[in-house]
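Working notes, beginning with the structure itself.
Every read-out reported here was derived from the displayed coordinates using simple, explicitly stated rules and does not represent laboratory data. Remember, predicted model here, so these are calculated numbers, not experimental data. Positions of Cβ are backbone-derived with ideal geometry, glycine not excepted, and every protein chain shown enters the neighbour counts.
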Amino acid sequence: HAKAQGRNNYQLFEPSLSETAVESLSLEHALRCAADRDEFTLYYQPQIEVATRKLVGVEALIRWESEEFGVVPPGKFIRIAEECGLILQIGDWVLRESCRQRAEWNADGIGSFPVAVNVSALQFRQPEFVRRVEEAMQLYGIKAEQLELELTESIVMHESGVTAAALEKLKTMGISLAIDDFGTGYSSLGYLKHLPIQKLKVDGSFIRGIETDKADRAIVEAIVSLGRALNLTLVAEGVEQRSTITLLGKLGCHVAQGYLYCRPLPPEDFVAWYREFCGEGKRLSVA
Ligand code: C2E
Ligand code: MG
Ligand code: MG
Ligand code: MG
């Protein structure tokens, strides 16, 4: 009987569990070498103002081209990097590289739009996080208006004086703060009342169903009206359909980002895209 049970357990747990564990262990090992081997790059995705069809910002999205695994999407390695603490070094690199890229674009006359950087909770909770942001900006001579931080709800929900003080400091420096994937995290909204947030990014999972799913539509409407009442800028993520833009405009969403306009692009391709669509007085013709 015991033997049978043992075998059952074995069959139940062995396949999926061990595969994932081995996979994340070897990914973790490769991740440790990735920075030294220069395997990370940032791709940039345009953010477009709905009313004017003009570029108002770009989001920096990390890509890992691993020698062993090929291109690993962030969805596959950010969590592992968080679990083993490597996210601190990676996040620091992302901050500095975003500032370096913005400085290069400043020198080349590629607009003055801000670069939005994704920040993980672990990274934000480092006592020296604000100083690291300042250092990255100073290193490349970037003004605060050219940097934006995308924070998760788990960061701002963390009811602590330390969090509030860090957010206040960043705001005082002039850095704009956005809540990423809004609507997918915690249900408390109280933090919006007292924390210095400027933007809500409505999660792409709600945007994709906005025209076909009543619940998605209701959720987006509610987020947009809440955000507008609180004087926040609303950004829709994951916009893929032209018709979605029309609807988002009607609902009062300010900015849209998604494959409809442009996929995240490596810097060279982004600059080519920028020169084609965003030159003097140009408006995106796509919507
Ligand atoms: P996110 O910050 O919410 O970024 C949006 C994700 O949606 C990106 O996936 C982007 O490529 C994708 N996306 C953009 N437009 C569309 C669209 O129209 N349709 C669809 N289906 N997807 C679209 P990506 O680049 O794979 O990044 C996934 C997540 O990984 C990000 O979600 C963010 O949470 C995290 N991440 C990316 N880069 C960094 C980073 O430098 N640091 C940290 N801490 N996290 C990062
Ligand atoms: Mg983001
Ligand atoms: Mg997002
Ligand atoms: Mg999202």
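Structure data summary
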quantity	calculated
Distance violations [Cα-Cα > 30 Å] among Lys76/Lys282; Lys76/Lys193; Lys214/Lys282; Lys199/Lys282	Lys76/Lys282; Lys76/Lys193; Lys214/Lys282
Ascending count of other beta-carbon atoms within 10 Å, so fewest first, for Met157, Met137	Met157, Met137
Sites Glu67 and Asp213 - FRET efficiency at Förster radius 41 Å, r taken between beta-carbons, to 0.05	0.45
The range 53-207: antiparallel DSSP beta bridges as a percent of all, rounded to 5	20
Peptides 56-69, 198-211 ordered by average Cβ neighbours within 10 Å, highest first	198-211, 56-69
Net lengthening on full extension, Leu192/Glu159 (0.36 nm per residue, minus Cα-Cα)	10.7 nm
Efficiency of FRET between Asp269 and Glu83 - r from beta-carbon atoms, R0 22 angstrom, step 0.05	0.10
Two-site label geometry, Glu128 and His29: point separation in nm, points 7 Å out along Cα→Cβ	3.1
DSSP beta bridge pairing in the chain, given as percent antiparallel to the nearest 5	45
Using distinct alpha-carbon pairs, which all enter the 1/r mean, Kirkwood radius of the chain in Å	20.5
Gyration tensor (Cα) of the range 129-287, equivalent ellipsoid semi-axes in angstrom	27, 24, 12
Protection proxy ranking of 251-257, 178-184, 25-31 - average other beta-carbon atoms within 10 Å, highest first	251-257, 178-184, 25-31
Principal-axis tilt of helix 242-251 within the chain, Cα atoms, nearest 10 degrees	70
